[in-house]
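> My questions all concern the structure below.
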Amino acid sequence: MRLDHEMPRQIATRLVGAQRVRSAQGAVRRTRKYAVLTALLAGTVAVSAACWFNSEDIEFSIDNRTDAVVCYYPSHEDALAATCLQEAKPRSTTLWVPGCGDGPGADTIPVTVVLTVKEGGRQIYQRTEECRIWQESDRTFVIEQEGDEFVVTDPLTGATPSP
C-alpha cells in the first residue's frame, strides 16, 4: 500500500460521495413516502367532499304563532318517546334541517314530520312524503291556535292533515 499526501483526500472524497448517495437515496424514499401520504390524504378529502355535497336534506321553517312550545320529530316513534329534544318556541320561527340521506336515490327516501304540543304531548300534525316532495314545497309550517285547537298549515297542500 502506497502512502502519499493525496490518500486522505481520496478517502474523504469516497466517503463523502458514498454519504451523498445514501442521502440522495433517503431523500428519494422520503419523497415517495410523502407523495403516497399526500395522495391518500387528497383522495380521502375528495371522497369526503363528494359525500358531503351529495347529501340530500330539507330546510324546514316552523312558524309557531301560538303561546305553546311545539316539538318536532323525524318519526312517529320518536314522538311516542315523549322526549321533546327539538322545540319551536312560542311566537318564533325555527329552522329544522333533517337529512334525507346520501347518494343516488336519496331524494326518494321517505321523510316524516311529526309536530306535538310540548305540554301534554298532543300530536297536532303528521305526514310522510319522499324527500324530493318536501324539497319542492315551500317547506314552511305555520302553526296557529284557535281556542283549544291547533291549526297547522301544511307546506304541501296548505291544509292540516289529520294526525
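The values are calculated or read from the model by the stated rules, or taken from the named source; none is laboratory data. Bear in mind that the values here come from a model prediction, so they are computed numbers and not experimental data. Cβ placement follows ideal geometry from the backbone for every residue including glycine, while neighbour counts extend to all protein chains displayed.
> Could you pull out the residue among PRO98, PRO74 that is modelled with pLDDT under 95 and either crowded, with 16+ Cβ neighbours inside 10 Å or of a type in the set (Val, Ile, Thr) (or both)? Walk me through how you get there before you give the answer.
Details: PRO74 fails: either crowded, with 16+ Cβ neighbours inside 10 Å or of a type in the set (Val, Ile, Thr) (or both).
Sole residue among the options that is modelled with pLDDT under 95 and either crowded, with 16+ Cβ neighbours inside 10 Å or of a type in the set (Val, Ile, Thr) (or both): PRO98.
> Something else now. Pairs under 9 Å by beta carbon, first residue in the same structural domain as PHE60 (by TED's automatic domain parsing) and in contact (Cβ under 8 Å) with a residue 40 or more places away in the chain in the stretch 95-108, partner surrounded by fewer than 14 Cβ atoms within 10 Å (Cβ to Cβ) and in a helix (DSSP H, G or I), six or more apart or different chains?
These pairs meet every condition: CYS100/THR108; ASP102/CYS51; ASP102/TRP52; GLY103/CYS51.
> Which of the residues spanning the stretch 110-157 are hydroxyl-bearing (Ser, Thr, Tyr) and closer than 20 Å to GLN86 by Cα?
Scanning the stretch 110-157 gives THR112, THR116, TYR125, THR128, THR140, THR153.
> If you check ALA82, ALA68, which single one turns out to be at pLDDT 90 or above, part of a loop (DSSP other than H, G, I, E, B), assigned by TED's automatic domain parsing to the domain that holds GLY99 and not β-branched (Val, Ile, Thr)? Can you show your working first?
Numbers: ALA82 fails: at pLDDT 90 or above.
The match here is ALA68.
> Is it the case that the stretch 122-129 has a residue that's in a loop (DSSP other than H, G, I, E, B), in the same structural domain as PHE60 (by TED's automatic domain parsing) and within 22 Å of the chain's Cα centre (by Cα)? Please lay out each step first, then the result.
First, the residues of the stretch 122-129 that are in a loop (DSSP other than H, G, I, E, B): 122.
Of the ones still in play, those that are also in the same structural domain as PHE60 (by TED's automatic domain parsing) are 122.
Right, trim to within 22 Å of the chain's Cα centre (by Cα) and you get none.
No: zero hits.
> Looking at (1) touching a strand residue (DSSP E or B) at 6+ places or on another chain (Cβ under 7 Å); (2) modelled with pLDDT of 90 or more; (3) exposed (fewer than 14 other Cβ atoms within 10 Å of the Cβ), can you tell me which one ILE143 breaks?
With (1) touching a strand residue (DSSP E or B) at 6+ places or on another chain (Cβ under 7 Å); (2) modelled with pLDDT of 90 or more; (3) exposed (fewer than 14 other Cβ atoms within 10 Å of the Cβ) applied to ILE143, the lone miss is (3).
> Let me ask you something else. Checking the conditions here, which among VAL151, VAL114 is part of a strand (DSSP E or B), among the β-branched types (Val, Ile, Thr), touching a strand residue (DSSP E or B) at 6+ places or on another chain (Cβ under 8 Å) and touching a residue at least 40 places away in the same chain (Cβ under 8 Å)?
On the way: VAL151 fails: touching a residue at least 40 places away in the same chain (Cβ under 8 Å).
Unique residue meeting the criteria: VAL114.
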